[in-house]
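First up is the structure itself, then whatever we jot down about it.
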Amino acid sequence: MIWRNHVMKEDLKEYRDVEEYILDIPKFTKKHKQSETDGFYTFLGRPGERQKIIHVAGTNGKGSVCVYSESMIMATGHTCGLFSSPHLECMRERIRLQKMDIPEEAFVRIFTYVTQQMERYTKNYFPTFFELLFFMAMVYFEETKPEYIILETGMGGRLDATNIVKNKKICIITRIALDHMAYLGDTLEEIAGEKAGIIFGGVPVVYYHEMEDISRVIREKAEEMGAEAIPIAEADLLNLKNHQKYIDFSIFFEYYGYYNIKVPSCALYQCMNVSLALYAMRRILGKQLTQEIAAEAVVRTSWSCRMEEIRPGILLDGAHNPNGMQALLQSLSYRQERKILLFAAVSDKDIAAMVHEITASGIFEHYIITVAGGARAADLDYVEKLFRDNTEKDVKAFQDAGQAFRYGKMVRQDGLLVVAGSLYLAGLIRSLCKD
């Protein structure tokens, strides 16, 4: 009853107060059975479910696939809503329509409506942080009625709150790696099984084909559900040329020939994310998505903190697990500048494996360690020791991320300061750069 009583006491009318309140929710709630989440969603009238839904799961690349898909939908003249996570600077980033964050007024009003419905609901159900924002997004989309809604799962798939929706047009599964193992399983196959839980009967799934053991799990789930499985592999990307600031490649569509794409990023991993989105959107948009429209949509797409050069010589990336770090390091190997790393991580990640990948690459001349992520932040002394045990290069540690950033700008000189290890850190540094 704590959560309900807490809501009853508050009279939250300002956006900042509502945002602060929602950030406190994890202190009062716990994850629910999916049937409980579905019950309250039904009580709300299953808002947004009558729109055409694109469902995206995976370990790395979900957000990028979502925004590339969003751009292609809009480029063909359709309207699109997007629910994604996490946010970098403002909670409203998680709910957007036509690439615009939900307005503060609408955010507060819909929060009030959903919490009022909680009071009317007769069962003992109080949404978690993620569930509440999902309900708010769907209520907003019910009001605004975009033709398409893109839903990014949280960390899972099968039991994710977003998986209670029924009207899916297509599913996309991005790269799968070892992450959130306490919740999803200890092996890639177990994690793939959880992610594949988004596949619904008769709904096609486009997926990243990288390892046969993972792909087999996805194919078997698709066959069980009577869904077509469409694999996309790195071998399908042709004539790939990395120009450091952008990447050119081609991809072939049966019946339609080659699509030539320019990705406005130095991140090699974005080529696969673009391809997954392109195949999925080509499937649901058909001939509307011509080669010219697709290419223009990709060029006009930006996604914060994914190898984003926020200022000359300052590059932000959200790599926060070993697989993501490998992808970042691979892309950085094409950059010729001397490189400095500013790093922070949250405690529930495999930090030791990330540090091993980083130091073994030999890419960086200096390491700067700091703290980001609030209560989830990893202990600074622990992370500093991991670096010192794995390298003889210079390591500096700062409890304050702003101080660490200022030091990094000073020592980089004409080189490249790379900020990575946590989206919390990337978002924080992005705010400092804007300020």
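Please identify the pairs in which a residue from the range 11-31 that is at pLDDT 90 or above and in a loop (DSSP other than H, G, I, E, B) has its Cβ atom under 8 Å from the Cβ atom of a residue that is of a type in the set (A, V, I, L, M) and surrounded by 15 or more Cβ atoms within 10 Å (Cβ to Cβ), counting only partners at least 6 apart or on another chain.
Glu14/Val108
Any chance you could count how many residues in the range 239-280 are of a type outside the set (A, V, I, L, M) and touching a strand residue (DSSP E or B) at 6+ places or on another chain (Cβ under 7 Å)?
Of the residues in that region, 18 qualify.
Ala353 passes all but one of (1) closer than 22 Å to Arg306 by Cα; (2) in contact with a strand residue (DSSP E or B) (Cβ under 6 Å, 6 or more places away or on another chain); (3) of a type in the set (A, V, I, L, M, F, W, C); which number fails?
(2)
Spot the failing condition for Tyr140; the list is (1) closer than 30 Å to Asn323 by Cα; (2) touching a Gly at 6+ places or on another chain (Cβ under 8 Å); (3) modelled with pLDDT of 90 or more, and only one is missed.
The failed condition is (1).
Is it the case, given these coordinates, that Asn260 is touching a Cys at 6+ places or on another chain (Cβ under 9 Å) and more than 30 Å from Leu44 (Cα to Cα)?
no
Restricting attention to the range 144-160, which residues are at pLDDT 95 or above, more than 14 Å from Pro47 (Cα to Cα) and out of contact with any Leu (no Cβ under 9 Å at 6 or more places or on another chain)?
The answer is Thr153, and nothing else.
In the range 362-386, how many residues are within 23 Å of the chain's Cα centre (by Cα) and either surrounded by 15 or more Cβ atoms within 10 Å (Cβ to Cβ) or modelled with pLDDT of 95 or more (or both)?
Total satisfying the criteria: 6.
List the pairs whose first member sits in the range 423-435 and is outside the structural domain of Leu342 (by TED's automatic domain parsing) and part of a helix (DSSP H, G or I), whose second member is among the polar types (S, T, N, Q) and at pLDDT 90 or above, and whose Cβ atoms are under 8 Å apart, counting only residues at least 6 apart or on separate chains?
none
A quick yes/no check of all residues on (1) closer than 28 Å to Gln413 by Cβ; (2) modelled with pLDDT of 90 or more; (3) among the small types (Gly, Ala, Ser):
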{"site": "Asn242", "(1), (2), (3)": "yes, no, no"}
{"site": "Arg282", "(1), (2), (3)": "no, yes, no"}
{"site": "Met307", "(1), (2), (3)": "yes, no, no"}
{"site": "Leu315", "(1), (2), (3)": "yes, yes, no"}
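Checking Ser35 against (1) touching a residue at least 24 places away in the same chain (Cβ under 8 Å); (2) surrounded by fewer than 22 Cβ atoms within 10 Å (Cβ to Cβ); (3) of a type in the set (Gly, Ala, Ser); (4) assigned to a helix (DSSP H, G or I), which single condition isn't satisfied?
(1)
Could you tell me how many of the residues in the range 270-292 are in contact (Cβ under 8 Å) with a residue 24 or more places away in the chain and more than 11 Å from Val65 (Cβ to Cβ)?
8
State whether the residues of the range 263-281 include one that is assigned to a strand (DSSP E or B) and hydroxyl-bearing (Ser, Thr, Tyr).
no
The values are calculated or read from the model by the stated rules, or taken from the named source; none is laboratory data. Model, not experiment: these values are computed from the prediction. Here the Cβ is made from the backbone with ideal geometry for all residues, glycine too, and neighbour counts use every protein chain on show.
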